[in-house]
1. Hey, among the residues in the range B:41-65 that are within 14 Å of another protein chain (Cβ to nearest Cβ) and near DNA strand C (Cβ under 8 Å from one of its atoms), which one's farthest from B:D123 (Cα to Cα)?
2. Mind listing whichever residues of the range A:142-180 are facing another protein chain (nearest Cβ under 9 Å), open to solvent by 40 Å² or more (accessible area, probe 1.4 Å) and under 20 Å from the mean Cα position of the chain (by Cα)?
3. Which residue, of B:E118, B:E98, B:E128, is of a type in the set (D, E, K, R) and in contact with a helix residue (DSSP H, G or I) (Cβ under 9 Å, 6 or more places away or on another chain)?
4. Do the conditions hold for A:R137, that is, is it touching a residue at least 12 places away in the same chain (Cβ under 8 Å) and surrounded by fewer than 15 Cβ atoms within 10 Å (Cβ to Cβ)?
5. Kindly evaluate A:R5 against the criterion of being surrounded by fewer than 20 Cβ atoms within 10 Å (Cβ to Cβ), of a type in the set (D, E, K, R) and out of contact with any Cys (no Cβ under 8 Å at 6 or more places or on another chain).
6. Going by the conditions given, is B:T68 under 20 Å from the mean Cα position of the chain (by Cα), within 14 Å of chain A (Cβ to nearest Cβ), away from DNA strand D (no atom under 13 Å from the Cβ) and among the polar types (S, T, N, Q)?
7. Please give the number of the condition B:T19 fails out of (1) away from chain A (no Cβ under 14 Å); (2) part of a helix (DSSP H, G or I).
Number of protein chains: 2
Amino acid sequence: MARPRTFDEEGALDAAMRTFWEKGYEATSTQDLCDATGLGRSSIYNTFKSKHDLFERVLARYIDSMTTAQLAVLEDSRRSAADRLRTLFAMVVDGETETEQRPGGRGLGCLTVNTTVELVARDPRAAEMLDRDTRRRLTALRAVLQEGQREGSITSSRDAGALARFVNAAIGGMRISSQGGADRAALESIAEITMDALIG
Amino acid sequence: MARPRTFDEEGALDAAMRTFWEKGYEATSTQDLCDATGLGRSSIYNTFKSKHDLFERVLARYIDSMTTAQLAVLEDSRRSAADRLRTLFAMVVDGETETEQRPGGRGLGCLTVNTTVELVARDPRAAEMLDRDTRRRLTALRAVLQEGQREGSITSSRDAGALARFVNAAIGGMRISSQGGADRAALESIAEITMDALIG
DNA sequence: CAAGTTTTGGACCGTTCGATACATAACTGA
DNA sequence: TCAGTTATGTATCGAACGGTCCAAAACTTG
């Protein structure tokens, strides 16, 4: 053993996450990452192999925490399928309208969506991670929707897989709308109307 | 008068558009723009003030052509409101699944959505342009939906403005889904289910 | 306390960035 | 044909980029 780290690696990941989240991958410089984490270049490059490697770590961490929280809601078997979906939408709305508003009052979107737009076409590793996550979320959504169709809280007779893709797209659309300036009330009404398609 | 241009300015804008569209603003270098347009740096900087100015020109051109085409469909009073919306969705699906597929078969999204994600938080000029465009599209959508409610092809009794934001979000969600790898059939079913919310 | 190991700060690397300078080529109008 | 003007190609700018190197600091273990 030797000299120990004076910083918390997970804290550094969180600081880096916020930066990538707000500015995007390309627009975030290594200096930005030093500033955000409070670390020197050496510490960053000693801990992570490269800017891209750090980004992958950040993305993995984000995906894991985000999807874990959402799946927990979707798999809460005490509540009806429709209820779980409503809660999921409420989580998305809350996430987009959190206190830390950006200039202009816009939502900050979601690192998954942002990365899909910015990097997926040029970064196979990021694309793979996002694909896996999408499959995982779609699987959980399909299960909930199927259960709702059986149990009666989802009255649409559309294929559950198609409904799952629809719900997933709706969430993406809400996040884009939020970045485009939609406020909380607007997001809530989008969620309600999305539910109309499943229930109406 | 003096030596005339040997290139077509609109052609250059289109070439630059494709580049910004595929790679994003930050990841597009001025060299990329020279390669794509076939112009030398001097010609580009002589014609456009800067990379950012060129991007603004490109974005304005994109917004204009895109929204003009969509509004033409939405304002076609010979058809029912529901029909017009279905056509609008079909245009989006076609746009995302055009022959020029990217590696991995993903859609290339829409420059408007991509710019919203990448730049809107840091670029007030781009944000302004996108805001104006969104307002314009929402106004047209609301008019169509209101007409559909009067005429009967839209049976949802939700507020037309809320329905307009929902449809706009759905289109954004479809574009994100396409970049995430959704194929034509998936996009079509998302559009159908979106219509369910307006009609079902 | 000394030997060994790792972290840390800061200087520095080559490359690429967006942008400019300038000489020359190419055209117009007189 | 030539004066005037603009477009173009090339060379180049300073700054910032991602990343490396290295000496000094700071810790553990014996």
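1. If we take residues in the range B:41-65 being within 14 Å of another protein chain (Cβ to nearest Cβ) and near DNA strand C (Cβ under 8 Å from one of its atoms), then B:K51 is farthest from B:D123 (Cα to Cα).
2. A:R165
3. The match here is B:E118.
4. So A:R137 fails the test.
5. Yes, satisfied.
6. Judged against the criteria, B:T68 is not a match.
7. So the condition that B:T19 fails would be (1).
Matching residues to (1) at pLDDT 95 or above; (2) under 23 Å from B:I190 (Cβ atoms); (3) hydroxyl-bearing (S, T, Y); (4) open to solvent by less than 50 Å² (accessible area, probe 1.4 Å):
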residue: B:L13; (1), (2), (3), (4): yes, no, no, yes
residue: B:S42; (1), (2), (3), (4): yes, no, yes, no
residue: B:Y45; (1), (2), (3), (4): yes, no, yes, no
residue: B:D53; (1), (2), (3), (4): yes, no, no, yes
residue: B:E56; (1), (2), (3), (4): yes, no, no, yes
residue: B:A69; (1), (2), (3), (4): yes, yes, no, yes
residue: B:R78; (1), (2), (3), (4): yes, no, no, no
residue: B:G95; (1), (2), (3), (4): yes, yes, no, yes
residue: B:E100; (1), (2), (3), (4): no, yes, no, no
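The values are calculated or read from the model by the stated rules, or taken from the named source; none is laboratory data. This one's a predicted model, so the numbers in the text were calculated from it and none came from an experiment. Every residue, glycine as well, gets a Cβ built from its backbone with ideal geometry; the counts of neighbours run over all protein chains shown. Accessible surface areas use protein heavy atoms only, side chains included; no ligands, DNA or RNA. Shrake-Rupley method; radii C 1.70, N 1.55, O 1.52, S 1.80 Å.
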